[in-house]
1. Residues that are in a loop (DSSP other than H, G, I, E, B) and within 19 Å of LEU67 (Cα to Cα): does segment 4-11 have at least one?
2. Looking only at residues that are part of a helix (DSSP H, G or I) and of a type in the set (S, T, N, Q) in segment 29-51, which one is nearest to SER9 (Cα to Cα)?
3. Within the set of pairs 6 or more residues apart or between chains, which connect a residue that is exposed (fewer than 13 other Cβ atoms within 10 Å of the Cβ) inside segment 39-52 to a residue that is part of a loop (DSSP other than H, G, I, E, B) with Cβ atoms less than 9 Å apart?
4. Could you tell me which of the residues ALA49, ALA13, ALA42 is small (Gly, Ala, Ser), modelled with pLDDT under 95 and within 12 Å of the chain's Cα centre (by Cα)?
5. Please verify whether LYS62 is surrounded by 14 or more Cβ atoms within 10 Å (Cβ to Cβ) and modelled with pLDDT of 90 or more, treating the condition exactly as stated.
6. Within segment 52-63, work out how many residues are assigned to a helix (DSSP H, G or I) and either within 9 Å of the chain's Cα centre (by Cα) or of a type in the set (Phe, Trp, Tyr) (or both).
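The values are calculated or read from the model by the stated rules, or taken from the named source; none is laboratory data. Remember, predicted model here, so these are calculated numbers, not experimental data. Here the Cβ positions follow ideal geometry from the backbone for every residue, glycine too, while neighbour counts run over all protein chains shown.
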Amino acid sequence: FGNTCYCNSVLQALYFCRPFREKILAYRSQPRRKENLLTCLADLFHSIANQKRKVGVIPPKKFITRLRKEN
């Protein structure tokens, strides 16, 4: 996926903005729509929130792939 460190930094900053994270996770609980960038972000945030260990790596492959499709 190339150099995604800048994207990862932005994703981490957004995740730790509690109001934004809560809205994204609430969006995920709505009835499923066609996959889009927001659904990919919601799935990524869900993976981060529900990881058993609070250290490690969660690759944002699905989000990055979708971002590239929409760009």
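1. In the first step, residues of segment 4-11 are kept if they are in a loop (DSSP other than H, G, I, E, B); the result is 4.
Add one more test, that the residue is within 19 Å of LEU67 (Cα to Cα), and what stays is 4.
Checked against the condition, which is being in a loop (DSSP other than H, G, I, E, B) and within 19 Å of LEU67 (Cα to Cα), segment 4-11 yields at least one hit.
2. Within segment 29-51, the subset part of a helix (DSSP H, G or I) is 37-49.
Subset that is of a type in the set (S, T, N, Q): 39, 47.
Details: THR39: 19, SER47: 17 Å.
Filtering first and then ranking leaves SER47.
3. GLN51/ILE58
4. Values: ALA13 fails: modelled with pLDDT under 95; ALA42 fails: modelled with pLDDT under 95.
It is ALA49.
5. On the way: surrounded by 14 or more Cβ atoms within 10 Å (Cβ to Cβ): yes; modelled with pLDDT of 90 or more: yes.
Against the criterion (surrounded by 14 or more Cβ atoms within 10 Å (Cβ to Cβ) and modelled with pLDDT of 90 or more), LYS62 qualifies.
6. Residues of segment 52-63 assigned to a helix (DSSP H, G or I): 61-63.
Still in the list and also either within 9 Å of the chain's Cα centre (by Cα) or of a type in the set (Phe, Trp, Tyr) (or both): 62-63.
Going through segment 52-63 one residue at a time, the tally reaches 2.
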